[in-house]
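> Submitted below is the structure of interest, expressed as structure tokens.
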Amino acid sequence: MNIEQLKYPIGTFQNPSEITSEQLEIWTKDIAELPSKIKNIANNLAEEALSWQYRPEGWTIKQVIHHLADSHMNSIIRFKIALTEDNPSIRGYDETAWAELDDYSCDIQQSLILLVGLHHRWIKLIDNFTEDDLKKTFYHPERQQKYTLKTAIGMYAWHSNHHLAHIEQAIKFKGKFE
């Protein structure tokens with residue numbers, strides 16, 4: 001199998017030229033449903049399965065779950081900063097280095113609990129966005145790009161589905177790509 005297909009099983013994020021209210025509803029639903037989808041998959045896995053990688057030299061299922069909690073924690077902070085400041089610069093982080101930290105060896109239950117709480121609060125914010133809120137922006141200095149919150153919702157819906165597909169892929173191949 002092609003390494004790019006393994007890396008991006010659902011493809012890369014494609015920002016539509018026009019983001020409709022229907023598209024926003026789909027994206028919001030994707031974000032809202034991620035914690036329960038991850039819990040439904042992960043709670044049925046043996047400890048050994050949590051060490052399966054989604055691609056050669058990729059993260060394990062356990063690392064993906066911890067990464068989702070970290071990434072989405074950063075995301076809600078980025079959303080709140082954008083809502084309360086004028087086009088703030090956000091701070092990036094080295095997600096690969098974070099995945100090597102000791103807390104990524106912890107039981108996944110704590111990250112699952114974190115995801116449930118984060119997503120509940122995140123959806124509460126998104127569901128109450130006004131049209132003006134959706135137009136608010138943040139600047140990503142590493143990518144040298146400005147993003148509207150409307151686009152960021154799509155990016156994080158994609159991110160949710162992207163890593164869900166990674167977990168499903170690791171299970172499908174049982175971490176073996178020979």
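> Could you sort 26-34, 102-110, 153-161 so that the peptide with the highest average Cβ count within 10 Å comes first and the rest follow in order?
The densest-packed peptide leads the list: 153-161, 26-34, 102-110.
> How much of the pair distance distribution for region 74-145 lies past 14 Å, counting alpha-carbon pairs only, in percent?
69
> Taking the Cα atoms only, what angle lies between the long axis of helix 149-173 and the longest principal axis of the chain, rounded to 10 degrees?
Here the helix axis deviates by roughly 10 degrees.
> So if I place +1 on the C-beta of Lys and Arg and -1 on the C-beta of Asp and Glu, and nothing else carries charge, what would the dipole magnitude of the chain be about its Cα centre? I want it in debye, nearest 20.
In debye, rounded to 20, the chain gives about 180.
> How much mean residue ellipticity at 222 nm does the chain get from its helices, if each DSSP H run of length 4 or more adds -39500 (n - 2.57) and you divide by all residues, to the nearest 500 deg cm²/dmol?
The helix-only estimate for the chain comes to -19500 deg cm²/dmol at 222 nm.
> Which percent of the accessible area of the chain is formed by carbon and sulfur heavy atoms (probe 1.4 angstrom)?
That fraction is 48 percent.
> Could I ask something else about it? Given Cα pairs under 8 Å that are at least 6 residues apart, what percent is the relative contact order of region 21-141?
Taking the mean separation of contacting Cα pairs over the length of region 21-141, I get 37 percent.
> Relative to the longest principal axis of the C-alpha atoms of the chain, give the angle of the C-alpha long axis of helix 21-42, reported between 0 and 90° and rounded to the nearest 10°.
30
> With a 1.4 Å probe and all protein chains left in place, how much accessible area per residue does region 39-110 have, in Å²?
Ligands and nucleic acids excluded, the result is 54 Å² per residue.
> Just checking my list [x] 131; [y] 122; [z] 201 against volume of the Cα convex hull per residue in Å³ computed from this structure; which label fits?
Computed from these coordinates, volume of the Cα convex hull per residue in Å³ corresponds to label [y].
> Taking only Cα atoms, what is the 0 to 90° angle, nearest 10, from helix 108-127's long axis to the longest principal axis of the chain?
That helix lies at roughly 20 degrees to the long axis.
> How compact and how long is region 16-58, expressed as Rg and Dmax of its alpha-carbon atoms in Å?
Cα-based Rg and Dmax for region 16-58 come out at 15.7, 44 Å.
> Which value in nm describes the separation of the simple spin-label points at Arg143 and Asp86, placed 7 Å from the Cα toward the beta carbon?
2.4
The values are calculated or read from the model by the stated rules, or taken from the named source; none is laboratory data. Just so you know, these numbers come straight off a predicted model, no measurement behind them. Neighbour counts run over all protein chains shown; Cβ positions are idealised from the backbone, glycine included. What goes into the accessible areas is simple: the full protein's heavy atoms, side chains included, and nothing from ligands, DNA or RNA. Shrake-Rupley method; radii C 1.70, N 1.55, O 1.52, S 1.80 Å.
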